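The values are calculated or read from the model by the stated rules, or taken from the named source; none is laboratory data. As the structure is a computational prediction, the values presented were derived from the model and not from experiment. Ideal geometry is used to build each Cβ from the backbone, glycine not excepted, and the neighbour counts take in all protein chains shown. Areas reflect the complete protein model, heavy atoms only, side chains present, ligands, DNA and RNA absent. Shrake-Rupley method; radii C 1.70, N 1.55, O 1.52, S 1.80 Å.
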Amino acid sequence: MGSGLLAGALMPSVGWACACGCGVFDVGTTSMFPKGQGGMAYLQYDFQNQNRNWNGTSEAPSANNDDKQIETHFVTAGLQYMFNDRWGAQLQVPYDFRHFKTDTGGGGIKSLNWNQVGDLRIEGIYTGFFPDLSAGVTFGVKLPTGDYNFDPEVVDRDTQIGTGSTDLLLGGFYRGNLDRNQWWDWFAQLQLDVPVLIQAQYRPGVELDTAAGIDYRGISVGRVRISPIAQVIFSERTSDSGDAADSDNTGYQRILLSPGIEFHIHPVRIYADAEFPVYQNFTGNQLAAPVQIKVSVSWMF
């Protein structure tokens, strides 16, 4: 089986930064979809440094946003098991390290560092649509296990590591071959995150992340199979709502181009990519990252 991985108006306004949108890390390549009975344990590292203020479709002056930087290291431990060719389940346990820099007024800059367990994800997997397991769906919940109340006088709700919400998760994927030698594959995937139960007057926006791309499997060096990968990622998030939210400065649409590479030495698989935004449309003033990095190591059993 494959590795299973299955985030302005007329006058400038001071806006909140947006640390969300990390669901984009959960869309991946064709090699990351289940391929049959068996299990897999994995460790994934993601990184983004949100240090550019963005308004609409262009970069905006830093002075328009009190928040100056959100740098986050995401470490996720996961376990996936396919009980048979049709049904499986997976668990993801994130642990995040965050550095936050904000202007607290009067020109004073405050920096905070904290690390916590994030929101757990539990999902079922079904791949029984076709005999070749080329299509599948995922469904589950994101639980409010992450803290959403760290230094609340300084850290607003959309910058907390936990959202405080219970979310429904729904995803799907499809893959196929592009040539008779089966060296070229194409794939498509989507992941929908819908908050349904909330706490403390804050409802995160609905997030949709999709990816489509190709990979080449015709390179081998000894026992190592090397697969270059190219994908396009589209991500959309609606604005947050509730008394504790800033609807005027949350929500966006993004398109990212992502080159990547995978090394497979059975039973170990190593994957890495970089995700570069080529189009961003942010509501209000929000902090954006110039690049997002993903690295995962998985062991199949």
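To put it simply, the accessible area of the chain at a 1.4 Å probe is 62 percent carbon and sulfur.
What net charge is computed for the residues neighbouring residue 145, neighbours being all others with C-beta under 14 Å from the C-beta of residue 145, Lys and Arg scored +1, Asp and Glu -1? That sum, taken over residues with Cβ under 14 Å, equals -2.
Annotation: per residue accessible area for the range 158-301 equals 43 Å², rounded to a whole number [probe 1.4 Å, protein chains only]. Once backbone amide H atoms are built at 1.01 Å from N, residue 120 has 143, 145, 146 as its partners under 5 Å, excluding neighbours fewer than 5 places away on the same chain.
Which one, 42, 130, 265, projects farthest toward the positive side of the charge dipole computed for the chain from Cβ point charges (K/R +1, D/E -1)? Sorting the options by dipole projection puts first 265.
Derived scalar couplings between HN and Hα for the range 293-301 equal 10, 9, 9, 9, 10, 10, 10, 9, 9 Hz in order, rounded to whole Hz, by the Karplus curve 6.51 cos²θ - 1.76 cosθ + 1.60 (θ = phi - 60°), x for Gly and Pro. Go through 241, 285, 176 and say which Cα lies farthest out towards the positive end of the charge dipole of the chain; charges sit on Cβ, +1 for Lys and Arg, -1 for Asp and Glu. Among 241, 285, 176, the one farthest towards the positive end of the dipole of the chain is 176. Taking Cα centre as origin and charging only the Cβ of basic (Lys, Arg, +1) and acidic (Asp, Glu, -1) residues, the dipole magnitude of the chain rounds to 1020 debye.
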